[in-house]
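Following: one structure in C-alpha coordinates, then a few remarks.
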Amino acid sequence: MRVVVVGTGHVGLVSAVSLAAIGHDVVGLDNDEEKIDALRQGICPFYEPDLQDLMEQTADAGRLRFEAEPADALKGAQVVFICVGTPARASGDASLVALERATRGIAPSLSGPVVVVEKSTVPAGTADRLWRVLRLERPDLADRIEVVSNPEFLREGQGVEDALHPGRILVGARSPRGFETMRRLYEPLIRDGSRLIETDLPTAELAKHACNAFLALKISFANALARLCERAGADVTSVVDVMGSDPRIGRAFLDAGLGYGGYCFPKDLQAFERLAARLGYDFPLLREVERINGEAVEATFDKVKDALWNLEDKRIALLGLSFKPNTDDVRFSPALALAGRLLDEGATVVGYDPRAGANAKSELPGLEVASSADDAMEGAHCMVVCTDWDEFRSLDLRRAKSLLTHPIVVDGRNLFEPTEMKAAGFVYYGTGRASHRSAH
(Lines give C-alpha, C1' and ligand atoms only; values in the text may rest on other atoms or scores of the structure.)
Protein backbone atom coordinates (compact mmCIF):
# COMPACT_ATOMS: atom_id res chain seq x y z
CA MET A 1 0.00 0.00 0.00
CA ARG A 2 1.04 3.60 -0.55
CA VAL A 3 1.44 5.18 2.90
CA VAL A 4 2.37 8.71 3.99
CA VAL A 5 3.43 9.45 7.56
CA VAL A 6 3.14 13.10 8.59
CA GLY A 7 5.70 14.01 11.24
CA THR A 8 9.17 12.54 11.76
CA GLY A 9 9.46 12.60 15.53
CA HIS A 10 9.84 9.37 17.46
CA VAL A 11 6.37 7.98 16.69
CA GLY A 12 6.35 9.19 13.09
CA LEU A 13 9.78 7.94 12.12
CA VAL A 14 9.47 4.57 13.88
CA SER A 15 6.05 4.11 12.26
CA ALA A 16 7.31 5.05 8.80
CA VAL A 17 10.34 2.76 8.98
CA SER A 18 8.39 -0.19 10.39
CA LEU A 19 5.62 0.10 7.79
CA ALA A 20 8.28 0.12 5.07
CA ALA A 21 9.91 -2.90 6.71
CA ILE A 22 6.70 -4.94 6.38
CA GLY A 23 6.48 -4.17 2.68
CA HIS A 24 4.62 -0.90 2.18
CA ASP A 25 5.69 2.04 -0.01
CA VAL A 26 6.18 4.79 2.59
CA VAL A 27 6.86 8.52 2.42
CA GLY A 28 7.82 10.47 5.54
CA LEU A 29 6.49 14.03 5.34
CA ASP A 30 7.74 16.91 7.47
CA ASN A 31 7.82 20.67 6.85
CA ASP A 32 11.24 20.93 8.52
CA GLU A 33 13.45 20.92 5.40
CA GLU A 34 16.66 20.66 7.40
CA LYS A 35 15.36 17.53 9.09
CA ILE A 36 14.24 16.06 5.77
CA ASP A 37 17.66 16.71 4.24
CA ALA A 38 19.30 14.86 7.13
CA LEU A 39 16.90 11.93 6.81
CA ARG A 40 17.57 11.72 3.09
CA GLN A 41 21.24 11.39 3.96
CA GLY A 42 20.39 8.53 6.32
CA ILE A 43 20.90 10.50 9.53
CA CYS A 44 18.47 9.56 12.30
CA PRO A 45 17.63 12.63 14.45
CA PHE A 46 17.49 10.69 17.74
CA TYR A 47 18.73 7.44 19.25
CA GLU A 48 16.48 4.41 19.11
CA PRO A 49 17.95 0.89 19.07
CA ASP A 50 17.95 -0.69 15.56
CA LEU A 51 16.16 2.26 13.95
CA GLN A 52 19.16 3.63 12.05
CA ASP A 53 19.97 0.29 10.41
CA LEU A 54 16.35 -0.45 9.52
CA MET A 55 15.91 3.04 8.07
CA GLU A 56 18.92 2.54 5.82
CA GLN A 57 17.75 -0.92 4.73
CA THR A 58 14.23 0.19 3.79
CA ALA A 59 15.50 3.32 2.01
CA ASP A 60 18.04 1.27 0.03
CA ALA A 61 15.23 -1.15 -0.92
CA GLY A 62 13.25 1.77 -2.36
CA ARG A 63 10.36 1.47 0.10
CA LEU A 64 11.10 4.60 2.15
CA ARG A 65 11.74 8.19 1.18
CA PHE A 66 11.27 11.62 2.71
CA GLU A 67 9.59 14.77 1.42
CA ALA A 68 9.02 18.30 2.70
CA GLU A 69 6.20 19.22 0.30
CA PRO A 70 2.73 17.65 0.71
CA ALA A 71 2.09 17.65 -3.04
CA ASP A 72 5.22 15.54 -3.63
CA ALA A 73 4.45 13.15 -0.80
CA LEU A 74 0.71 12.57 -1.10
CA LYS A 75 0.38 11.58 -4.75
CA GLY A 76 -1.60 8.33 -4.80
CA ALA A 77 -1.61 7.96 -1.01
CA GLN A 78 -4.06 5.34 0.26
CA VAL A 79 -3.33 5.81 3.96
CA VAL A 80 -2.05 8.98 5.67
CA PHE A 81 -0.86 8.79 9.27
CA ILE A 82 -0.77 12.00 11.32
CA CYS A 83 1.99 11.66 13.93
CA VAL A 84 2.55 15.15 15.26
CA GLY A 85 3.10 16.26 18.85
CA THR A 86 0.26 17.11 21.21
CA PRO A 87 2.13 18.92 24.02
CA ALA A 88 0.47 20.07 27.21
CA ARG A 89 -0.85 23.60 27.47
CA ALA A 90 -0.36 25.57 30.68
CA SER A 91 -3.82 24.35 31.72
CA GLY A 92 -2.82 20.71 31.25
CA ASP A 93 -5.04 20.30 28.19
CA ALA A 94 -3.46 18.73 25.13
CA SER A 95 -2.57 21.30 22.47
CA LEU A 96 -4.04 20.10 19.17
CA VAL A 97 -2.80 23.02 17.09
CA ALA A 98 -0.13 20.98 15.28
CA LEU A 99 -2.73 18.28 14.57
CA GLU A 100 -5.10 20.76 12.96
CA ARG A 101 -2.29 22.41 10.99
CA ALA A 102 -1.10 19.04 9.70
CA THR A 103 -4.64 18.11 8.68
CA ARG A 104 -5.20 21.38 6.86
CA GLY A 105 -1.74 21.06 5.30
CA ILE A 106 -2.44 17.69 3.68
CA ALA A 107 -6.04 18.40 2.64
CA PRO A 108 -5.29 20.20 -0.68
CA SER A 109 -3.10 17.32 -1.91
CA LEU A 110 -5.44 14.43 -1.06
CA SER A 111 -6.97 12.68 -4.05
CA GLY A 112 -9.04 9.94 -2.41
CA PRO A 113 -10.17 7.41 -1.64
CA VAL A 114 -7.92 7.79 1.39
CA VAL A 115 -7.90 6.83 5.05
CA VAL A 116 -6.50 9.53 7.36
CA VAL A 117 -5.16 7.89 10.51
CA GLU A 118 -4.95 9.74 13.79
CA LYS A 119 -1.81 8.23 15.39
CA SER A 120 -1.06 10.99 17.88
CA THR A 121 -2.35 10.63 21.45
CA VAL A 122 -5.45 12.82 21.59
CA PRO A 123 -8.55 13.36 23.75
CA ALA A 124 -11.69 11.43 22.89
CA GLY A 125 -13.68 13.30 20.24
CA THR A 126 -10.67 14.53 18.26
CA ALA A 127 -11.33 12.29 15.25
CA ASP A 128 -14.68 13.98 14.76
CA ARG A 129 -12.94 17.36 14.74
CA LEU A 130 -10.46 16.11 12.12
CA TRP A 131 -13.33 14.88 9.99
CA ARG A 132 -15.01 18.28 10.18
CA VAL A 133 -11.77 20.01 9.13
CA LEU A 134 -11.31 17.68 6.17
CA ARG A 135 -14.93 18.05 5.09
CA LEU A 136 -14.62 21.85 5.17
CA GLU A 137 -11.28 21.85 3.33
CA ARG A 138 -12.27 19.21 0.76
CA PRO A 139 -16.06 19.01 0.37
CA ASP A 140 -15.48 17.29 -2.98
CA LEU A 141 -13.94 14.31 -1.18
CA ALA A 142 -16.39 14.11 1.73
CA ASP A 143 -17.54 10.60 0.80
CA ARG A 144 -14.04 9.35 -0.09
CA ILE A 145 -12.11 10.30 3.06
CA GLU A 146 -12.26 8.10 6.13
CA VAL A 147 -10.83 9.14 9.53
CA VAL A 148 -9.50 6.33 11.69
CA SER A 149 -7.96 6.25 15.17
CA ASN A 150 -4.92 3.98 15.53
CA PRO A 151 -3.15 5.01 18.76
CA GLU A 152 0.54 4.20 19.07
CA PHE A 153 1.92 2.01 21.84
CA LEU A 154 5.61 2.54 21.16
CA ARG A 155 7.98 2.61 24.11
CA GLU A 156 11.07 4.77 23.66
CA GLY A 157 14.08 2.49 23.68
CA GLN A 158 11.96 -0.40 22.40
CA GLY A 159 10.08 1.37 19.62
CA VAL A 160 11.22 -0.79 16.70
CA GLU A 161 10.44 -3.99 18.59
CA ASP A 162 7.01 -2.64 19.56
CA ALA A 163 6.24 -1.58 16.00
CA LEU A 164 7.25 -4.85 14.36
CA HIS A 165 5.90 -7.15 17.08
CA PRO A 166 3.00 -5.30 18.72
CA GLY A 167 1.10 -6.97 21.52
CA ARG A 168 -2.06 -5.39 20.16
CA ILE A 169 -3.13 -3.14 17.30
CA LEU A 170 -6.00 -0.84 18.24
CA VAL A 171 -8.19 0.57 15.48
CA GLY A 172 -11.22 2.79 15.91
CA ALA A 173 -13.34 3.58 12.85
CA ARG A 174 -16.88 4.45 11.86
CA SER A 175 -17.26 2.35 8.70
CA PRO A 176 -16.35 -1.08 7.29
CA ARG A 177 -14.06 0.63 4.75
CA GLY A 178 -11.88 2.08 7.50
CA PHE A 179 -11.55 -1.24 9.28
CA GLU A 180 -10.84 -3.13 6.05
CA THR A 181 -8.10 -0.71 5.00
CA MET A 182 -6.35 -1.05 8.35
CA ARG A 183 -6.63 -4.84 8.24
CA ARG A 184 -4.89 -4.81 4.87
CA LEU A 185 -2.23 -2.44 6.15
CA TYR A 186 -1.39 -4.55 9.19
CA GLU A 187 -2.00 -7.96 7.59
CA PRO A 188 1.68 -9.07 7.90
CA LEU A 189 1.67 -8.30 11.64
CA ILE A 190 -1.74 -9.88 12.25
CA ARG A 191 -0.60 -12.99 10.39
CA ASP A 192 2.42 -13.18 12.69
CA GLY A 193 0.19 -13.20 15.77
CA SER A 194 -0.44 -9.57 16.74
CA ARG A 195 -3.92 -9.08 18.14
CA LEU A 196 -6.21 -6.67 16.28
CA ILE A 197 -8.77 -4.82 18.42
CA GLU A 198 -11.51 -2.94 16.56
CA THR A 199 -13.68 -0.36 18.30
CA ASP A 200 -15.54 2.88 17.70
CA LEU A 201 -13.53 6.10 17.48
CA PRO A 202 -13.95 7.58 20.99
CA THR A 203 -13.24 4.21 22.61
CA ALA A 204 -9.92 3.91 20.77
CA GLU A 205 -8.95 7.49 21.65
CA LEU A 206 -9.87 7.16 25.31
CA ALA A 207 -8.25 3.72 25.65
CA LYS A 208 -4.84 5.15 24.81
CA HIS A 209 -5.05 7.77 27.54
CA ALA A 210 -6.41 5.15 29.96
CA CYS A 211 -3.47 2.83 29.29
CA ASN A 212 -0.84 5.50 29.90
CA ALA A 213 -2.62 6.79 33.00
CA PHE A 214 -2.83 3.31 34.49
CA LEU A 215 0.86 2.58 33.86
CA ALA A 216 1.76 5.88 35.52
CA LEU A 217 -0.50 4.91 38.41
CA LYS A 218 1.39 1.62 38.89
CA ILE A 219 4.72 3.47 39.03
CA SER A 220 3.40 5.99 41.55
CA PHE A 221 1.86 3.20 43.63
CA ALA A 222 5.27 1.51 43.83
CA ASN A 223 6.89 4.80 44.84
CA ALA A 224 4.30 5.43 47.54
CA LEU A 225 4.96 1.88 48.77
CA ALA A 226 8.68 2.73 48.87
CA ARG A 227 8.04 5.59 51.28
CA LEU A 228 5.97 3.26 53.48
CA CYS A 229 8.54 0.44 53.35
CA GLU A 230 11.29 2.79 54.50
CA ARG A 231 9.19 3.67 57.52
CA ALA A 232 8.17 0.08 58.27
CA GLY A 233 11.58 -1.53 57.75
CA ALA A 234 10.31 -3.55 54.77
CA ASP A 235 11.81 -4.05 51.31
CA VAL A 236 9.76 -2.61 48.45
CA THR A 237 11.37 -4.88 45.84
CA SER A 238 10.17 -7.95 47.76
CA VAL A 239 6.73 -6.42 48.31
CA VAL A 240 6.18 -5.74 44.61
CA ASP A 241 7.58 -9.16 43.71
CA VAL A 242 4.83 -10.67 45.85
CA MET A 243 2.26 -8.41 44.24
CA GLY A 244 3.54 -9.19 40.75
CA SER A 245 3.25 -12.92 41.33
CA ASP A 246 -0.51 -12.42 41.26
CA PRO A 247 -1.52 -12.57 37.56
CA ARG A 248 -4.32 -10.14 38.25
CA ILE A 249 -1.69 -7.48 39.09
CA GLY A 250 1.49 -8.33 37.14
CA ARG A 251 5.03 -7.24 37.93
CA ALA A 252 5.56 -4.73 35.09
CA PHE A 253 5.77 -1.01 35.99
CA LEU A 254 6.05 -1.70 39.73
CA ASP A 255 9.69 -0.67 40.13
CA ALA A 256 10.13 2.03 42.76
CA GLY A 257 12.62 4.77 41.99
CA LEU A 258 12.87 8.35 40.78
CA GLY A 259 9.50 8.17 39.06
CA TYR A 260 8.32 8.34 35.48
CA GLY A 261 9.32 10.98 32.94
CA GLY A 262 9.55 11.38 29.19
CA TYR A 263 7.25 13.10 26.76
CA CYS A 264 4.18 10.87 27.10
CA PHE A 265 3.21 10.00 30.66
CA PRO A 266 3.37 13.51 32.18
CA LYS A 267 1.39 15.23 29.43
CA ASP A 268 -1.04 12.36 28.84
CA LEU A 269 -1.93 12.11 32.52
CA GLN A 270 -2.70 15.83 32.63
CA ALA A 271 -4.64 15.72 29.36
CA PHE A 272 -6.73 12.78 30.61
CA GLU A 273 -7.57 14.60 33.83
CA ARG A 274 -8.56 17.72 31.88
CA LEU A 275 -10.72 15.63 29.53
CA ALA A 276 -12.52 14.18 32.54
CA ALA A 277 -13.07 17.67 33.94
CA ARG A 278 -14.49 18.93 30.62
CA LEU A 279 -16.86 15.98 30.58
CA GLY A 280 -18.04 16.83 34.09
CA TYR A 281 -16.22 14.14 36.05
CA ASP A 282 -13.72 14.92 38.81
CA PHE A 283 -10.84 12.38 38.64
CA PRO A 284 -8.67 13.20 41.70
CA LEU A 285 -6.80 9.89 41.46
CA LEU A 286 -4.95 11.20 38.40
CA ARG A 287 -3.79 14.31 40.26
CA GLU A 288 -2.53 12.15 43.12
CA VAL A 289 -0.52 10.00 40.70
CA GLU A 290 1.20 13.15 39.47
CA ARG A 291 1.83 14.41 43.01
CA ILE A 292 3.43 11.14 44.12
CA ASN A 293 5.63 11.16 41.05
CA GLY A 294 7.06 14.54 42.01
CA GLU A 295 7.51 13.28 45.56
CA ALA A 296 9.82 10.51 44.29
CA VAL A 297 12.43 13.02 43.10
CA GLU A 298 12.15 14.94 46.35
CA ALA A 299 12.65 11.75 48.38
CA THR A 300 15.89 11.04 46.51
CA PHE A 301 17.03 14.63 47.03
CA ASP A 302 16.39 14.24 50.77
CA LYS A 303 18.62 11.14 50.85
CA VAL A 304 21.47 13.10 49.24
CA LYS A 305 21.04 15.86 51.82
CA ASP A 306 20.95 13.34 54.65
CA ALA A 307 24.19 11.81 53.38
CA LEU A 308 26.09 15.04 52.76
CA TRP A 309 24.44 17.59 55.10
CA ASN A 310 25.22 20.91 53.37
CA LEU A 311 25.41 20.66 49.59
CA GLU A 312 27.55 23.74 49.02
CA ASP A 313 31.13 22.75 48.09
CA LYS A 314 29.94 19.20 47.36
CA ARG A 315 30.40 17.41 44.03
CA ILE A 316 27.64 14.95 43.14
CA ALA A 317 27.81 12.41 40.33
CA LEU A 318 24.62 11.37 38.54
CA LEU A 319 24.72 8.13 36.56
CA GLY A 320 22.06 8.37 33.89
CA LEU A 321 20.42 11.52 32.53
CA SER A 322 17.79 10.23 30.08
CA PHE A 323 14.33 9.56 31.49
CA LYS A 324 14.77 5.83 30.85
CA PRO A 325 17.48 3.57 29.38
CA ASN A 326 18.07 3.03 25.64
CA THR A 327 17.04 6.53 24.62
CA ASP A 328 18.62 9.98 24.42
CA ASP A 329 15.36 11.67 25.42
CA VAL A 330 15.66 13.93 28.47
CA ARG A 331 12.22 15.54 28.32
CA PHE A 332 10.74 15.59 31.84
CA SER A 333 13.64 13.41 32.96
CA PRO A 334 13.60 12.79 36.75
CA ALA A 335 17.41 12.85 36.63
CA LEU A 336 17.39 16.44 35.38
CA ALA A 337 14.71 17.41 37.90
CA LEU A 338 17.01 16.08 40.63
CA ALA A 339 20.04 17.80 39.09
CA GLY A 340 18.17 21.10 39.10
CA ARG A 341 17.31 20.73 42.80
CA LEU A 342 20.93 19.93 43.66
CA LEU A 343 22.25 22.87 41.63
CA ASP A 344 19.79 25.19 43.36
CA GLU A 345 21.25 24.07 46.69
CA GLY A 346 24.75 25.04 45.60
CA ALA A 347 26.16 21.64 44.68
CA THR A 348 28.36 20.94 41.68
CA VAL A 349 26.59 18.29 39.63
CA VAL A 350 28.35 16.15 37.05
CA GLY A 351 26.38 13.60 35.05
CA TYR A 352 27.14 10.78 32.69
CA ASP A 353 24.79 9.06 30.25
CA PRO A 354 25.68 6.67 27.41
CA ARG A 355 23.46 8.58 24.95
CA ALA A 356 21.83 11.66 26.45
CA GLY A 357 24.74 13.82 27.61
CA ALA A 358 24.47 16.49 24.91
CA ASN A 359 20.69 16.76 25.24
CA ALA A 360 20.98 17.01 29.01
CA LYS A 361 23.56 19.79 28.79
CA SER A 362 21.33 21.68 26.37
CA GLU A 363 18.37 21.31 28.73
CA LEU A 364 20.30 22.18 31.91
CA PRO A 365 23.39 24.32 31.12
CA GLY A 366 24.59 24.34 34.74
CA LEU A 367 25.11 20.59 34.60
CA GLU A 368 28.62 19.28 33.93
CA VAL A 369 28.62 16.31 31.55
CA ALA A 370 31.32 13.64 31.82
CA SER A 371 32.45 11.32 29.05
CA SER A 372 32.35 8.20 31.23
CA ALA A 373 30.99 6.93 34.52
CA ASP A 374 34.54 6.95 35.92
CA ASP A 375 35.00 10.61 35.00
CA ALA A 376 31.69 11.49 36.64
CA MET A 377 32.53 9.67 39.87
CA GLU A 378 36.09 10.92 40.22
CA GLY A 379 36.25 13.26 43.22
CA ALA A 380 32.51 13.16 43.84
CA HIS A 381 31.25 13.19 47.40
CA CYS A 382 28.22 11.09 46.46
CA MET A 383 27.03 9.05 43.47
CA VAL A 384 23.35 8.84 42.53
CA VAL A 385 21.97 6.20 40.16
CA CYS A 386 19.27 7.97 38.14
CA THR A 387 18.70 5.78 35.05
CA ASP A 388 18.95 2.00 34.94
CA TRP A 389 21.23 1.59 31.93
CA ASP A 390 22.63 -1.95 31.72
CA GLU A 391 26.22 -0.72 31.87
CA PHE A 392 25.63 0.64 35.37
CA ARG A 393 24.51 -2.78 36.59
CA SER A 394 28.00 -4.13 35.92
CA LEU A 395 29.82 -1.21 37.54
CA ASP A 396 33.19 -2.12 39.06
CA LEU A 397 32.34 -1.32 42.67
CA ARG A 398 35.92 -1.48 43.89
CA ARG A 399 36.97 1.06 41.28
CA ALA A 400 33.93 3.23 41.99
CA LYS A 401 34.83 3.34 45.66
CA SER A 402 38.39 4.37 44.86
CA LEU A 403 37.18 7.21 42.62
CA LEU A 404 34.62 8.70 45.00
CA THR A 405 35.78 11.12 47.72
CA HIS A 406 33.27 9.46 50.05
CA PRO A 407 31.85 5.96 49.38
CA ILE A 408 28.24 7.16 49.35
CA VAL A 409 25.71 5.78 46.85
CA VAL A 410 22.08 6.89 46.55
CA ASP A 411 20.40 4.30 44.36
CA GLY A 412 17.41 5.90 42.65
CA ARG A 413 16.69 2.74 40.65
CA ASN A 414 17.53 -0.05 43.11
CA LEU A 415 20.21 -1.36 40.78
CA PHE A 416 22.29 -2.81 43.60
CA GLU A 417 21.64 -5.09 46.55
CA PRO A 418 22.02 -3.40 49.96
CA THR A 419 23.96 -6.34 51.45
CA GLU A 420 26.45 -6.33 48.57
CA MET A 421 26.95 -2.58 48.84
CA LYS A 422 27.48 -2.81 52.58
CA ALA A 423 29.99 -5.64 52.09
CA ALA A 424 31.82 -3.49 49.52
CA GLY A 425 32.16 -0.70 52.10
CA PHE A 426 29.59 1.78 50.79
CA VAL A 427 27.16 3.97 52.67
CA TYR A 428 24.18 2.91 50.61
CA TYR A 429 20.76 4.53 50.31
CA GLY A 430 18.31 2.39 48.40
CA THR A 431 14.75 3.28 47.46
CA GLY A 432 12.21 1.65 49.74
CA ARG A 433 14.72 -1.03 50.79
CA ALA A 434 15.03 -2.61 54.20
CA SER A 435 17.90 -0.88 56.04
CA HIS A 436 17.88 1.67 53.23
CA ARG A 437 21.00 3.28 54.66
CA SER A 438 23.79 0.70 54.99
CA ALA A 439 26.86 2.02 56.77
CA HIS A 440 30.32 0.70 56.08
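The mean sequence distance of close C-alpha pairs (under 8 Å, at least 6 residues apart), as a share of the length of the chain, puts its relative contact order at 12 percent. GNM on the chain, alpha-carbon springs under 10 angstrom: the most fluctuating residue among Arg184, Arg168, Arg274 is Arg184. Among Cys44, Cys83, Cys386, the largest mean-square fluctuation in a Gaussian network model of the chain (Cα springs under 10 Å) belongs to Cys44. Restricting the calculation to alpha carbons of the range 303-397 gives Rg and Dmax of 12.1, 34 angstrom. So for the range 230-374, what percent of the C-alpha to C-alpha distances run longer than 21 Å? Across the range 230-374, Cα pairs with separations above 21 Å total 55 percent. Among the DSSP helices (H) of the chain, those spanning at least 30 angstrom by Cα along their long axis with an average Kyte-Doolittle hydropathy of -0.5 or more are 201-232, 284-308; this is a geometric and hydropathy rule only. Residue by residue, the range 139-149 carries 3J(HN,Hα) couplings of x, 5, 10, 4, 9, 10, 10, 10, 9, 10, 9 Hz when phi is fed to the Karplus relation 6.51 cos²θ - 1.76 cosθ + 1.60 (θ = phi - 60°); x denotes Gly or Pro. Rounded to the nearest 500, the 222 nm mean residue ellipticity of the chain from helices alone is -13500 deg cm²/dmol, with -39,500 (n - 2.57) taken per DSSP H run of at least 4 residues.
Based on protein heavy atoms only, the chain ends up with 43 Å² per residue of surface accessible to a 1.4 Å probe.
For the range 371-440, averaging the sequence separation of C-alpha pairs within contact (under 8 Å, six or more residues apart) and dividing by the residue count gives a relative contact order of 28 percent.
Pairs from the table (Lys75/Lys119; Lys119/Lys324; Lys35/Lys119; Lys35/Lys305; Lys35/Lys314; Lys324/Lys401) lying more than 32 angstrom apart at Cα are Lys35/Lys305; Lys35/Lys314. Remark: the chain is approximated by an ellipsoid whose semi-axes, taken from the C-alpha gyration tensor as √(5λ), come to 43, 24, 19 Å, largest first. Of the solvent-accessible surface of the range 142-294, computed with a 1.4 Å probe over protein heavy atoms with every protein chain present, carbon and sulfur atoms account for 58 percent.
Note on the chain: with a GNM built from Cα contacts shorter than 10 Å, the maximum mean-square fluctuation among Gly159, Gly357, Gly42 falls on Gly42. The spacing between the range 1-37 and the range 213-252, judged by their C-alpha centroids, is 39 Å.
For the range 25-70, the extents of the C-alpha atoms along the principal axes are 27, 23, 13 Å, listed from largest to smallest.
The values are calculated or read from the model by the stated rules, or taken from the named source; none is laboratory data. Being a predicted model, the structure only gives us computed values, none of them experimental. In case anyone asks, the SASA skips ligands and DNA or RNA and just uses the protein heavy atoms, side chains included. Shrake-Rupley method; radii C 1.70, N 1.55, O 1.52, S 1.80 Å.
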